[in-house]
Each structure stands twice: as C-alpha cells, then as structure tokens.
1. Would you check which residues across region A:8-26 are surrounded by 16 or more Cβ atoms within 10 Å (Cβ to Cβ), part of a helix (DSSP H, G or I) and not hydroxyl-bearing (Ser, Thr, Tyr) and list them?
2. Output the number of the condition that residue B:329 fails; it satisfies all remaining conditions of (1) under 26 Å from residue A:75 (Cβ atoms); (2) touching an Asp or Glu at 6+ places or on another chain (Cβ under 9 Å); (3) crowded, with 18+ Cβ neighbours inside 10 Å.
3. Just for region B:307-338: of the residues that are over 19 Å from residue B:476 (Cβ atoms) and in contact with a Lys or Arg (Cβ under 6 Å, 6 or more places away or on another chain), which one is farthest from the other protein chains (Cβ to nearest Cβ)?
4. Yes or no: region B:100-110 includes at least one residue that is part of a loop (DSSP other than H, G, I, E, B), under 25 Å from residue A:326 (Cα atoms) and under 20 Å from the mean Cα position of the chain (by Cα).
5. Step by step: first the residues of region B:27-76, then only those that are part of a strand (DSSP E or B), aliphatic (A, V, I, L, M) and more than 8 Å from every other protein chain (Cβ to nearest Cβ), then the one that is farthest from residue B:190 (Cα to Cα). Which residue is that?
6. Does residue A:346 satisfy the condition of being part of a helix (DSSP H, G or I), within 17 Å of the chain's Cα centre (by Cα), touching a residue at least 40 places away in the same chain (Cβ under 8 Å) and closer than 26 Å to residue A:40 by Cβ?
7. Return the pairs, sorted by first residue and then second, in which the second residue is of a type in the set (Lys, Arg), the first residue lies in region B:75-93 and is more than 13 Å from residue B:394 (Cα to Cα), the beta carbons are less than 8 Å apart, and the residues are 6+ apart or on different chains.
Number of protein chains: 2
Amino acid sequence: MLEVAEVGNKVDKAAYKAAVPQMRLDLVNAQYDLRNADFSVVIWIAGDDHVAANDMVNRLNEWMDARFIDTRVFAELTDEEAARPQLWRLWRSLPPKGRMSIFAGGLMRAATMRANGDIDEADFSRWLRHIATMQDQLVSDGTVVLKFFLHTPEKKQRKKLKAAEKDPEQGWWIDQRDWAQLEKLGPTLPFAERILSETSAPGAPWTIVESTNARYRDLTVARTILAALTARLEQPANQGPALADSVFGDFDGQANVLSGVDLSKDLDKETYRRELAKYQAKLHRLAIEARDKGISTVLAFEGWDAAGKGGVIRRVTQALEAGDYRVVPVAAPTEEERKYHYLWRFWRDMPPGGRFVIFDRTWYGRVLVERIEGFAQPAEWQRAYDEINDFESSMVERGMYVAKFWLHISPEEQLARFQAREDTPYKQHKITDEDYRNREKWDDYVNAVDQMVLRTTTDSARWHVIPANSKYYARVATLKAITKGLERTLRRAQ
Amino acid sequence: MLEVAEVGNKVDKAAYKAAVPQMRLDLVNAQYDLRNADFSVVIWIAGDDHVAANDMVNRLNEWMDARFIDTRVFAELTDEEAARPQLWRLWRSLPPKGRMSIFAGGLMRAATMRANGDIDEADFSRWLRHIATMQDQLVSDGTVVLKFFLHTPEKKQRKKLKAAEKDPEQGWWIDQRDWAQLEKLGPTLPFAERILSETSAPGAPWTIVESTNARYRDLTVARTILAALTARLEQPANQGPALADSVFGDFDGQANVLSGVDLSKDLDKETYRRELAKYQAKLHRLAIEARDKGISTVLAFEGWDAAGKGGVIRRVTQALEAGDYRVVPVAAPTEEERKYHYLWRFWRDMPPGGRFVIFDRTWYGRVLVERIEGFAQPAEWQRAYDEINDFESSMVERGMYVAKFWLHISPEEQLARFQAREDTPYKQHKITDEDYRNREKWDDYVNAVDQMVLRTTTDSARWHVIPANSKYYARVATLKAITKGLERTLRRAQ
C-alpha cells in the first residue's frame, strides 16, 4: 500500500527557500492562537524511514516555537510503565488543552517487536484496538490528532545512507544501528501497514508522506499541520449528535438493579467481629501474595451519600500494609484536570505493580453526577460507557484485579444518617445543603445507576451492588467479595 | 538515646475515648484552614516499631479527612527512580501549598540497608546530608515539617506480637516478615539513631514517641500535629533575615567574570562548517555511548536575551536522536508550580537514564531575574546559591554530566539583534517591550551573573562563559565544551 506514495515528489531548493519563512510565520501564529483554544493537538510522526522521522521531529521544533511543544519519543518500557495498562504512558504524555505534543517512536517500535516475535498476535491486536479506541476518545473530546507516516523506498534509503557516509560533514550521524534498522524493514513493513489501516479513522486519518526528498517532506507535513490547525481554530468541534432519549430513557417505576436489592440484610455484632477478622486476615495474606506476584488491584467505590463508603474503605485498608495501597478521593476535577480528557486523571493514578489503588468515587461520575447535573453533554456521557469498558479492560488484560462497588441504602436510612452526622461535631463538615438537594434527584440516580451497572458489567470487571442499610453487613460483604475476586485473579495468574 | 523515651507513658481507655472526638474535630478544622494557607505540611512517620508506624499512618488517615492527605510509603526504588538523583522521588512526592503529605518507610529502610551493607558509608552520609539540606530548604520555604520516631523496646514488641498471635481476631496481620524485622532491629538501631541526630534541625526536630501503648502514641502524635499546625496557621512563617547588602553588593565598575571575556572571537564560515560537523559527530557518538551506559546529561543554558541560546541548543540537538533528549523551555512558573519550592519543577524534569535534558533558561532564574525584579525576597535568593549547589551535586553523585553555559554578548550586539528580529516576520514574536526595558538593567545583571558564576562553580558542575558576539564561534565553543565534559564523565565511569 505504501508504494502508492512513490511518485517522485520533490521541492527544489529555490521554491523551498521561498516558502519557508511564510510557513514558519503562519505556524508560529497558529501556535499562539492555540494557546487560548479549548483543544489540544497530538502529532504522530512515524515512518519506515527513521532518519527522516528523526529529522522531521527536529524540524518541527525548529520551525515552530519549541517552548509550546512537548516532544515524546517512545522507547523501551520502563518497569513502572510495564506494570501499568498498555497505553498508560501514552495517556501520561497527552498535552493539556492549548498545547501541542509530538509523539514518535511508538508505532514502528510496535511493528518491529511484532516482526521479531517479541509480542504475540493477541497482544498486538489488543494494542491496535486500544490505540484506535484512545484515538476515538481524543477526537470526540475535541483533540486534533494528526498522523504522518514518512515513507522512503528501502533502495532510496540505502542510497541516501551510502552517499552520506562518503561526506565527512554529513555522514557522522550514520552508525551501525541505521543499517541494522534497514535490514529489518522487510519483515516489519507488513505490520506497519496493518497499523496504518487499523488505526485510520474518519477524524484521524493517516497522511502518508513521500520522504525521499527532505524539502518536500518538510513542507508537506508542515502544510498539513498548518491547514488542520487553522481549520480547527476557525470552526469549533462538533460534539456529535446525542442518541435518542429512548435509548437512555427513564424506566420510571419499572424493576431495576437496585429495586431487587434486599436491604434488610444485617449481621449481629458478634458475627460481624468474627467475620470481619476472618476476611481481613484473608485479604492481608492475599495482598502479600499479590505484591509478590506483581498483580495490582483497582477497587472502585460508588454509592449514595452517607452509604458508608469511608467506613468500608477503612476496613479494607486496615488489612493492608500502609505501603501497599493508596486511597484516591475523587472530587470535582481541578482546573488542571479539566484541560484533559475526563479519564486522564484516573489513568494517572493507576497503581504500581502489586499495589492497591482504592477510588473513593470514580470515573463513573461521568454517567452519574455529570449526567444528572448536566456537567457532561448527552453525547459525552452516552459514549462514556464504552470508553470506561475499554479503560477497565486494559487493566484486566495487564492481569490486574478490578472490582466495582455500589453501596446501596434506602432514602429513609440516608436521612437518618444525615441527621446523625449533624449531631457528631467532627462529622458535621461532611454534610452540606447540597446533600439534601441531591435527595430530590433520587429517582434520576436510580435510573442512572441501573444503566451504569447494566452497561459496564463485564466478565472481568463486575459490579457488586452491596446492601448497606446495615454497616456491619456492608463491610463484611465487601471484604468477602474482594477476597473472593482477588483470590480468583491470583489463581488464574499461576 | 532512644531509651530516654522508655518511661511507661500510657493513656487509659476512658481518657482516650473522652479525648478522641474533640481531637478529630480540631484536626479536621485545622485541615480545612490549611487548604487556603500558603504553606504545605510534611509528616514523617518512622520508627523501630514498624507495626506501630503502619497503624499510625492508618490512624491519621482515619482521624483526619483522608481526601486532603497524600500518603506515600517509600519501598524499593523503581528503575526510573534509581536513574535519578537520590532524593528525586521525595521531591516528586512533596505536597503543594495548602496540602499535607504523610511520608513513611524511607528512613528505617535506609537504616536497614546500611546495616545490611546494601549501601556503603559514603552513600549513606551523602543521603543524610541531602535529607538535611532538603529539609532546610523546605523549612525556609515555609513548609511545616513534622517528624515522629515511634519507639517500642524490642522486648515489648516481642510480647505484643506473641500476644496478638494467640488471638484469632487480632493475630491475622502478623506474619513471618514482622518477626524477621524484629530480628534485624539490633544492628539497625545505631543507624536509625544516626539519622535522628543528623537530621534533627531547629525548624524540624524529631519527636520521639513511646509507642508501647497505642492510645498514648495516637494521641501524642495527633496533639503534636494539631499544635504545630494551629501555631503555624496563626503566625506566618518568618522568611529569616537577609544578609547584609555588602555580602552580595554591587561591585560597580570593578572587574568581573564577564568583563574579562574576549568578545572579538570569531570563526569564518568554512572553519565553522568543518568544526561544527566534527563536534556534532563526536557528540553523536558520545551520546550513544552515554545511553548505553545509562549516564544522563543535564545542560543548563543562560545568557542575555538574543544571545543565541536557541541556535546553540539546536546545533546540540541536531547531533542527538530525537528520543534521547528533551528541551525544557523555562518560563515564569505556572500557578501549579508556584505552589512548590522553586526547585520542584526542575527536579521533576530530571532525565531518565542515559538521556539528555537541556534547559533553555534554568533554576538560576532565582538569582538572576527573580533577584533583580524583586520576585524573590533577599533571604530567598541569597540562600539559593547553596540550594542550587546541593541540587547539582546530587546529580553529579548519580554519575550524571552537568554543564552550565552563559552566552555572553555586548549590549551593542544585543541591540543590533533586536532590530534584526523585528525585520524578520517569524521572529517578531520573540521581541517585546520588556526586552528593551531589560536592557536598562544591564549592570545589575552583570553583577548578578558575576556572583552566580563565582558562587556556583564547582569542580563537578562548572560554568562555561561563552563569547557569543559571533554565533559561529559560540556554537562551536559550546559543542566543544560539551563533548569534552561528557567524554571526561564517560571515561571516569569506566
């Protein structure tokens, strides 16, 4: 497929010299406008000609104002990266709104690894799928994604290297690795072509750039960036149409996942103490085993206000060594966090190998409070179910244990707890008028929880709806579920 | 020395139950006030009783609002951490202003490693010195640093473990490792005591807490935190007195490091092209060797406006593979960055193993623009020289190559370049009125540069003052200095 780009495109020196100053000026101006825009720009530079890719990255940094470009070249995974889900480092490298990142190195690296057999077909396909999904997520979030594949026929590359080697002022950058890279090109290219075809999408197509002539290459890439950036600055992104209300409609009064929960479940104090000790002991042993095996755990806690999340989480962390877990309390996103895709901050908090991260409220806020309060547009929260499923599946693929809990109480129980909190001085700060206002939206939440549980329960990352009118019961039931799930994950890993 | 704390302190159950609710309320209120304060809080929990330390960390998270506490327990170094200077992960874990972090695990870990011989005396002393220096830096920056050493006599610890093991509801958290830890206590304690004495400082003393009785321990630590936090909230930090002007005075008209620079140095075009190719080729080879050996490089560029830093940096990066370097342009700190010690953002950007980071403007802004414009208080910039020397020495100790460049031009040359920039469309954005205003402060800068070079030139991280009226000369001279310095660092590492 790459041969189609071999048409002999060239720009002569005079034309190049004439075009560059205006191009630089336009690029820099577009960059300045970008700084106040509400989107970010990701530029992928890939190619079968790695010398050209290297030059291109340097050229873009030279032509634009390098202070507003983050360049990230992806090399071998570090051990911190290897312990996280596949695309963790990509998520960590995303630019915030108003900024631009250049990514290089990752795609051809994956193709080469696949050609060498360092990764198998299953891993490669999963990676391709996640790349495509991430790209969709970014594009629908308004990010401008520009992808360039720099193609130079192998013969021409050989010729270039040989000619350069003869010239002492030009040849110093050539070494054994450049030749070695060229040797491997044959077996690698088919995989590169698969990457191109499987990650090309309407909002983020690949631009294949003939790179035999460096001047043509530079100007073509620069022009494409300039045109895309200018167009996007002039026209705001389209959020995409929301689906019909009926798809996510209100099943008023009908049975739902919460209506079937038996809230009368309870434990007496003695049974509670015995069972709590039993499951904490079990979790303690499993956590040590998980750490030794490098198997990480992500626990996601959602539930009604005052459902007892804090108390449940504390019973979980009591069973863990202080160094083995982190509790991430999730509040409204900060100004910095709002400059990224809403999943960005959760990607950032993925646990290191063998550790626990416990989210006190989670990414599900997108389809709960953000949906109900209108903080997210319908098109945004509607696509979130799929985005979340992809996010969680990439954790599970890495061998992680992922479990999600909805702590369920009745409206009457909630009211009683609000009042009790107001009578306890050090708990008063937990209660605000907003908590009372939220009670009026109880039915909206029942509907949203129902759809959330149905749309994001997967074999590998399931929801546990925990009856929590009895705190004792809820704590033991949660610990029981965690020990069971973690044990299963550990056995499967053997 | 720890025996002095063995006095049999106890709090009985009733007194504890009576005290806790008010304590929790006061702590939570203090936390809320902290959120709007302009300082951060670092709480170190260390101790010879690691079970107690673990409980204490959990207790603090339980008593306070865990959403506003970041807990960081330091375990084995990851490979990303091992490639950076010793205290890198500590710097990365610091809380911003208005927040609180709990650190645990690091100190006893270091003592144990020293006792086991995993680190030698030289490394241990260096680590102690850096800890003490970092602490000084934080304290003088306004951070509240609270350090607790939880002490339980070994015999008492044994008794506690044995008693707990007999109780099925209590004993589940005990395992082989707890006993193993206790076995190693004897040889470890002397090193722990050294940490205590060498890192105790007026602004950040150690509080040794007898921990045989958990209730006494909990209340003592909580009370100490509450008192310190309350006092600090009521009374702003004292910046400390500035030194007499004469110490940093203006040596008006006297000879200085810049007055001796021969600005007439030049290269003709042909020599330039030959030499440039020669040193770029050399740098290219050395960089590959540095990557293979995991030796990182930090290049710091300072200089007059329009001195040609960008052009010099580009000639350096042309010699490097795109994945082996990152250029960090340093502008005024962002809102987020201002919430930390001024060195924090530079610690964040330390290169991964074997890579280059090139700073376009640097931490020396503290003693240049921030001094001259009054953005930093006299006490702040005056102590910065020592802070910077410690920062750079911790890089050099890790085997890194560190070099600093001041690109020097004459005021006449600067003016000519400003005017030329205004005539080049894509360079116009580089010139602002501020650039012209800065020219009026030329003599202040000459004085500040003089003191900077004299006070921060060390054997291992030296300043290169580069005559830069000729761009050709400056580029070649810089490349020459880098290749020479990097080569020396590589040979020394063999």
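The values are calculated or read from the model by the stated rules, or taken from the named source; none is laboratory data. Given the structure is predicted, the values throughout are model-derived calculations rather than measurements. No Cβ is skipped: glycine too gets one built from the backbone with ideal geometry, and neighbour counts run over all protein chains shown.
1. Across region A:8-26, the qualifying residues are A:19, A:20, A:23, A:24, A:25, A:26.
2. Here residue B:329 clears every test but (3).
3. Kept after step one, since they are over 19 Å from residue B:476 (Cβ atoms), are these residues of region B:307-338: B:321-338.
This time we only want the ones that are in contact with a Lys or Arg (Cβ under 6 Å, 6 or more places away or on another chain), so: B:324, B:329-330, B:337.
Working: B:324: 8, B:329: 4, B:330: 9, B:337: 11 Å.
Here the answer is B:337.
4. As a first pass, look at region B:100-110 and keep what is part of a loop (DSSP other than H, G, I, E, B): B:105.
Those left that are additionally under 25 Å from residue A:326 (Cα atoms): B:105.
Now drop any that are not under 20 Å from the mean Cα position of the chain (by Cα), which leaves B:105.
There is at least one residue in region B:100-110 that is part of a loop (DSSP other than H, G, I, E, B), under 25 Å from residue A:326 (Cα atoms) and under 20 Å from the mean Cα position of the chain (by Cα).
5. In this case the residue turns out to be B:69.
6. Values: part of a helix (DSSP H, G or I): yes; within 17 Å of the chain's Cα centre (by Cα): yes; touching a residue at least 40 places away in the same chain (Cβ under 8 Å): yes; closer than 26 Å to residue A:40 by Cβ: yes.
Yes, satisfied.
7. From region B:75-93, the pairs are B:75/B:109; B:77/B:89; B:81/B:89; B:92/B:348; B:93/B:72.
Conditions tested, residue by residue: (1) surrounded by fewer than 21 Cβ atoms within 10 Å (Cβ to Cβ); (2) in the same structural domain as residue B:304 (by TED's automatic domain parsing); (3) assigned to a helix (DSSP H, G or I).
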site	(1), (2), (3)
B:352	yes, yes, no
B:357	yes, yes, no
B:380	yes, yes, yes
B:391	no, yes, yes
B:420	yes, yes, yes
